[in-house]
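The values are calculated or read from the model by the stated rules, or taken from the named source; none is laboratory data. A quick note: this is a predicted structure, and the numbers were derived from the prediction, not measured. We place every Cβ from the backbone using ideal geometry, glycine too, and count neighbours over all the protein chains shown.
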Amino acid sequence: MDKKSIAAILEEIGVLLEMKGESSFRSLAYTRAARALLAAPGEMEEIIRSTDLKGIRGIGESIRQKILEICETGQSAYYEDMKKSLPPGIVQMLKVPGLGPKKARILYERLGISSINELQYACNENRLVGLPGMGARTQAKLLENIAFLQKHADQYLYSFAASEAQSVFAPLKKSKKIKRIAIGGSIRRKKEVIRDIDIVASSDKSIEVMELFTKLPVVESITASGDTKTSVTLSSGIAVDLRVVTDEQFPYALQYFTGSQDHNVRLRGIARKKGLKLNEYGLFRIQDNSLVVCREEADIYRELGLDYVPPELREDMGEVEAALEGKLPELLEQHDIIGLIHVHSRYSDGIDEVVEIARAAKRHGYKYVGITDHSQAAAYAGGMKVSDLFAQSEEIDRVNSEVSGMHIFKGAEVDILPDGTLDYPDDILKTLDFTVCSIHSKFNMTEEEATNRIIRAMENPHFTILGHPTGRLLLGRSGYPVDMKKIIDAAAALGAAIELNAHPQRLDIDWRELKYAKNRGVRIAIGPDAHNLSGFDDMPYGIGIARKGWLEKADVLNTMTLEEISAFFKSRKAKKAA
């Protein structure tokens, strides 16, 4: 192992010591040793051969032994033990400029933050404000630095990838050299995490289109270039493939490059049984290789004897069978959503006043909004004491009388405590219209413990909606382990709803669980988990995941009218009282 690699390990040990709150003297000793090793003349083998690391100022006996161990075995037992004592994402966090070990330790100890994505989420929720040495400016700078780091990642949140795709798609769409153009791949299928961007275009001037593509301001480098396919990397770090075909080939290419691979394999199998061959260039009769002309994607499915399969469903999870039988769902649309549920105000960790939220929701065309600030156990998020809850209730009454055409429901995001009880007593909970009940602490549970914790909470007579049921943060943490089928079964039996959290870092419940919830008759509440007014714009991400999970209008709680959802909340309370 070379000097640089060993010095990097020494520096990381120093950082880990500082993060664990050890004396600065111990931490600095490893930092100085790393610098001394790098300054020593010669390569590692030569240094050991000539000095055995003795006499090098800054390298004491204890550290010398650790360096020799690394040279002999390729690792340090001390270093490995240190790493195991802290979550693996902690050291990665230190790659964020402006975040040193002391701040990282505060974030971990005060807020449980142990990854870059958790840090980003906390900044967006204003959770760093008030921590020692931090504030609004710190949050803004950290978000800026995190965005800088993200361009080096090989996976991206859907929201980020979709935005980057538009930076290429929009200018290309304006070109008169292009006849048709579409974004394909996993973005079109609305996967929650994206690796790269696929764009399909039709043109008679492919070389000119490729030249236009590669000269876009957002393009940083060209990785492959050709007449029909060109690959680039954008300045954000994400890769984009552009495929240019004839207009006759466009429907076939779009279908093929939308995927998924498993879905396409199923279609090719159906085509073969009909004496046809399907690929990115066309649908051909095997007998004479003649083209079956399809003007649009829907024509391809029709020729195969299938109803048109929306892109979100193309994952080989039953959509082919449903399309053959004419049983595809009529998927949820944006205009089906009547109101918002799960919005935070200044009473906890949001930044907007109740009246501002009501007016903004009205401008967006919604008829109601459920304000759900954090309960008292969530002190890190400014959780509401009972007195705060009552003050907010009075304010909501006042705003409801002032803002016409908009109704504010009184809710709270109530912590599910480790023993499965809720964070407010029942006599307080009964004053609310509804609750979103969530886990925000003690994630290190077994699957059985976490599942039982949630089910016990659901049994509370004032439980309405299970918030972000796994607690995951995409590309940040996997969340606590839960048996979602048991959770869904319990929700069905108890009449509880489950949230699909539309925040692009959550998108939780996972779309793979939604079809089961739909079949069990469990209502899904799509909530933006908004901590500022711009959070309302996250709703389309949740709707995309809902569509991917086969949800229809009738499956979603907040497609109900104001009268219907009011009756739903009241009927839940009536059932509990009975």
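If I filter segment 449-459 down to residues being surrounded by fewer than 20 Cβ atoms within 10 Å (Cβ to Cβ) and touching a residue at least 24 places away in the same chain (Cβ under 8 Å), which single residue comes out as farthest from the chain's Cα centre (by Cα)?
First, the residues of segment 449-459 that are surrounded by fewer than 20 Cβ atoms within 10 Å (Cβ to Cβ): 449, 452, 456, 459.
Imposing the further condition that a residue be touching a residue at least 24 places away in the same chain (Cβ under 8 Å) reduces the set to 452, 456, 459.
Values: Asn452: 25, Arg456: 27, Glu459: 29 Å.
By that ranking, first place goes to Glu459.
Within segment 446-468, can you find the residues that are in contact with a strand residue (DSSP E or B) (Cβ under 6 Å, 6 or more places away or on another chain) and either basic (Lys, Arg) or assigned to a loop (DSSP other than H, G, I, E, B) (or both)?
Answer for segment 446-468, where residues must be in contact with a strand residue (DSSP E or B) (Cβ under 6 Å, 6 or more places away or on another chain) and either basic (Lys, Arg) or assigned to a loop (DSSP other than H, G, I, E, B) (or both): Asn460, Phe463, Gly467, His468.
I'm trying to understand the selection: among the residues of segment 419-428, which are crowded, with 21+ Cβ neighbours inside 10 Å and either touching a residue at least 60 places away in the same chain (Cβ under 8 Å) or among the aliphatic types (A, V, I, L, M) (or both)?
Hit for segment 419-428 is Leu422, nothing else.
Return the residues of segment 367-381 that are surrounded by 21 or more Cβ atoms within 10 Å (Cβ to Cβ) and of a type outside the set (Val, Ile, Thr); say none if nothing qualifies. Let's see the steps before the verdict.
Here is the first cut: in segment 367-381, the residues surrounded by 21 or more Cβ atoms within 10 Å (Cβ to Cβ) are 368-375, 378, 381.
Of everything in segment 367-381, those that are surrounded by 21 or more Cβ atoms within 10 Å (Cβ to Cβ) and of a type outside the set (Val, Ile, Thr) turn out to be Tyr368, Gly370, Asp373, His374, Ser375, Ala378, Ala381.
Any chance segment 132-142 includes a residue that's within 16 Å of the chain's Cα centre (by Cα), buried (at least 20 other Cβ atoms within 10 Å of the Cβ) and not assigned by TED's automatic domain parsing to the domain that holds Arg180?
For segment 132-142, residues within 16 Å of the chain's Cα centre (by Cα), buried (at least 20 other Cβ atoms within 10 Å of the Cβ) and not assigned by TED's automatic domain parsing to the domain that holds Arg180: absent.
Scan (1) in contact with a helix residue (DSSP H, G or I) (Cβ under 7 Å, 6 or more places away or on another chain); (2) buried (at least 17 other Cβ atoms within 10 Å of the Cβ); (3) within 30 Å of Ala379 (Cβ to Cβ); (4) modelled with pLDDT under 90 for the single condition Pro97 breaks and write down its number.
The one condition Pro97 does not meet is (2).
Does Ser566 count as out of contact with any Ser or Thr (no Cβ under 7 Å at 6 or more places or on another chain), closer than 23 Å to His344 by Cα, in the same structural domain as His440 (by TED's automatic domain parsing) and not in a loop (DSSP other than H, G, I, E, B)?
For Ser566, the condition - out of contact with any Ser or Thr (no Cβ under 7 Å at 6 or more places or on another chain), closer than 23 Å to His344 by Cα, in the same structural domain as His440 (by TED's automatic domain parsing) and not in a loop (DSSP other than H, G, I, E, B) - is met.
Write out, first by first residue and then by second, each pair whose Cβ atoms fall under 9 Å of each other, whose residues are 6+ apart or on separate chains, and whose first residue, in segment 229-246, is at positive phi while the second is of a type in the set (A, V, I, L, M) and surrounded by fewer than 20 Cβ atoms within 10 Å (Cβ to Cβ).
Gly237/Ala153
If I ask for residues that are hydroxyl-bearing (Ser, Thr, Tyr) and either more than 21 Å from Asp349 (Cα to Cα) or at pLDDT below 95 (or both), which ones from segment 413-444 would you list?
If the condition is that a residue be hydroxyl-bearing (Ser, Thr, Tyr) and either more than 21 Å from Asp349 (Cα to Cα) or at pLDDT below 95 (or both), then Thr421, Thr431, Ser441 are the ones that fit.
Out of the residues in segment 512-535 that are within 28 Å of Ser571 (Cα to Cα) and part of a helix (DSSP H, G or I), state the one that is farthest from the chain's Cα centre (by Cα). If you could, list the steps in order and put the result at the bottom.
Of the residues in segment 512-535, the ones within 28 Å of Ser571 (Cα to Cα) are 513-530.
Subset that is part of a helix (DSSP H, G or I): 513-519.
Details: Glu513: 16, Leu514: 16, Lys515: 20, Tyr516: 21, Ala517: 20, Lys518: 22, Asn519: 25 Å.
Across segment 512-535, the extreme among qualifying residues is Asn519.
Would you check which residues across segment 382-406 are surrounded by fewer than 20 Cβ atoms within 10 Å (Cβ to Cβ) and either in contact with a Lys or Arg (Cβ under 7 Å, 6 or more places away or on another chain) or outside the structural domain of Ser348 (by TED's automatic domain parsing) (or both) and list them?
Passing the criteria: Ser393, Val403, Gly405.
In segment 462-481, how many are out of contact with any Gly (no Cβ under 9 Å at 6 or more places or on another chain), of a type in the set (A, V, I, L, M, F, W, C) and buried (at least 21 other Cβ atoms within 10 Å of the Cβ)?
3
Among the helices (runs of 4 or more DSSP H) confined wholly to segment 13-115, which include 3 or more residues that are within 40 Å of the chain's Cα centre (by Cα) and free of Cβ contacts under 8 Å to residues at least 40 places away in the same chain?
24-39, 77-84, 101-111
So if I check each of Asp510, Asp529, Asp538, which one is surrounded by 23 or more Cβ atoms within 10 Å (Cβ to Cβ) and closer than 25 Å to His440 by Cβ? Break it down stepwise before answering.
On the way: Asp510 fails: surrounded by 23 or more Cβ atoms within 10 Å (Cβ to Cβ); Asp538 fails: surrounded by 23 or more Cβ atoms within 10 Å (Cβ to Cβ).
It is Asp529.
Any residue in segment 391-414 that's aromatic (Phe, Trp, Tyr): show its pairings with residues that are assigned to a helix (DSSP H, G or I) and surrounded by 13 or more Cβ atoms within 10 Å (Cβ to Cβ) at Cβ separation under 9 Å, as long as the two are six or more apart or on different chains.
What qualifies is Phe409/Ile396; Phe409/Ile565; Phe409/Ser566; Phe409/Phe569.
Suppose the filter is touching a Ser or Thr at 6+ places or on another chain (Cβ under 7 Å), closer than 30 Å to Asp555 by Cβ and at pLDDT 95 or above; does Pro329 pass it? Even if it seems obvious, please write down each step before you answer.
Numbers: touching a Ser or Thr at 6+ places or on another chain (Cβ under 7 Å): no; closer than 30 Å to Asp555 by Cβ: yes; at pLDDT 95 or above: yes.
For Pro329, the condition - touching a Ser or Thr at 6+ places or on another chain (Cβ under 7 Å), closer than 30 Å to Asp555 by Cβ and at pLDDT 95 or above - is not met.
Considering each of Ser76, Ser62, Ser114 in turn, give the residue that is surrounded by fewer than 15 Cβ atoms within 10 Å (Cβ to Cβ) and either on the phi < 0 side of the Ramachandran plot or in contact with a His (Cβ under 8 Å, 6 or more places away or on another chain) (or both).
Going through Ser76, Ser62, Ser114 in turn, the sole match is Ser62.
Of the residues Ala182, Ala165, Ala161, only one is surrounded by 14 or more Cβ atoms within 10 Å (Cβ to Cβ), in contact with a strand residue (DSSP E or B) (Cβ under 6 Å, 6 or more places away or on another chain), not basic (Lys, Arg) and not in a helix (DSSP H, G or I); which?
Going through Ala182, Ala165, Ala161 in turn, just one is surrounded by 14 or more Cβ atoms within 10 Å (Cβ to Cβ), in contact with a strand residue (DSSP E or B) (Cβ under 6 Å, 6 or more places away or on another chain), not basic (Lys, Arg) and not in a helix (DSSP H, G or I): Ala182.
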